[in-house]
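Have a look at the structure below before the remarks.
Every number in this text was worked out from the coordinates using simple rules, so none of it is lab data. Since the structure is predicted, the reported quantities are computational estimates derived from the model, not experimental observations. Counting neighbours? That spans all protein chains shown, and the Cβs are built from the backbone with ideal geometry, glycine included.
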Amino acid sequence: MALEVALWALQLYLAYFMVTVGSLPALTADSGAKGTFEDIGIGLWFMYLTGTLELLGAIGLLTPWFSGLAALGLMFVMSGACLTHLTLYDGKGVETPAMILIPLALVVVGRWSTVKKLGTWLTGGHRG
């Protein structure tokens with residue numbers, strides 16, 4: 001029971017973080033987010049895609065069925081943010097996405113059974 005409460009508290013915190021620090025600045029083309037994505041050089045469509053993925057991940061963290069998968073997906077997004085900060089900014093600002101990877105990993109581990117169940121359901125109930 002305590003583990004369940006701790007996981008939900010962590011998921012709520014992560015969802016709040018992903019919306020306020022991640023998706024809102026990207027989806028509203030905040031000057032800081034816009035500058036970062038312009039520096040990446042792919043185009044601003046990538047900023048909107050990233051913001052959308054962060055918003056969907058935040059929503060997924062709040063659902064019992066998708067929380068583990070959402071955390072796993074957000075780990076990829078945050079790994080990309082780490083890579084961006086390491087390569088484009090010589091590591092400046094890498095601390096925030098790097099520190100978010102730890103609680104995301106805890107949610108993935110804590111919700112691994114839901115990830116497995118979802119995988120089984122998506123593959124038609126076949127394990128293999």
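Comparing Trp45, Trp65, Trp112, which has the greatest mean-square fluctuation in the GNM of the chain with Cα pairs linked when under 10 Å apart? The residue that fluctuates most here is Trp45.
If you average 1/r over every pair of different alpha-carbon atoms in the chain and take one over that average, what Kirkwood value in Å do you get? Hydrodynamic radius (Kirkwood, Cα only) of the chain equals 15.3 Å. With θ taken as phi - 60° and the Karplus curve 6.51 cos²θ - 1.76 cosθ + 1.60 applied, the whole-hertz 3J(HN,Hα) list for segment 82-93 is 4, 4, 4, 5, 6, 8, 8, 10, 6, x, 5, x Hz, x standing for glycine and proline.
What length, rounded to one decimal in nm, is gained on full extension from Ile102 through to Tyr13, with 0.36 nm per residue of separation minus their alpha-carbon distance? Please report the intermediate quantities before stating the final value.
Numbers: separation 89, 0.36 × 89 = 32.04 nm, distance 1.28 nm.
Stretched fully, the Ile102-Tyr13 segment lengthens by 30.8 nm.
Report, in deg cm²/dmol and to the nearest 500, the calculated mean residue ellipticity at 222 nm for the chain, where each DSSP H run with n ≥ 4 adds -39500 (n - 2.57) and the sum is divided by the residue count.
On the way: 7 runs with 97 residues, N = 128.
Dividing the helical sum by the residues of the chain leaves -24500 deg cm²/dmol.
The residue list Gly35, Leu56, Thr114 was ranked by how far each Cα lies along the charge dipole of segment 15-120 toward its positive end, using unit charges on Cβ atoms, and Thr114 comes out on top. Of Thr120, Thr50, the sequence from fewest to most neighbouring Cβ atoms within 10 angstrom is Thr120, Thr50.
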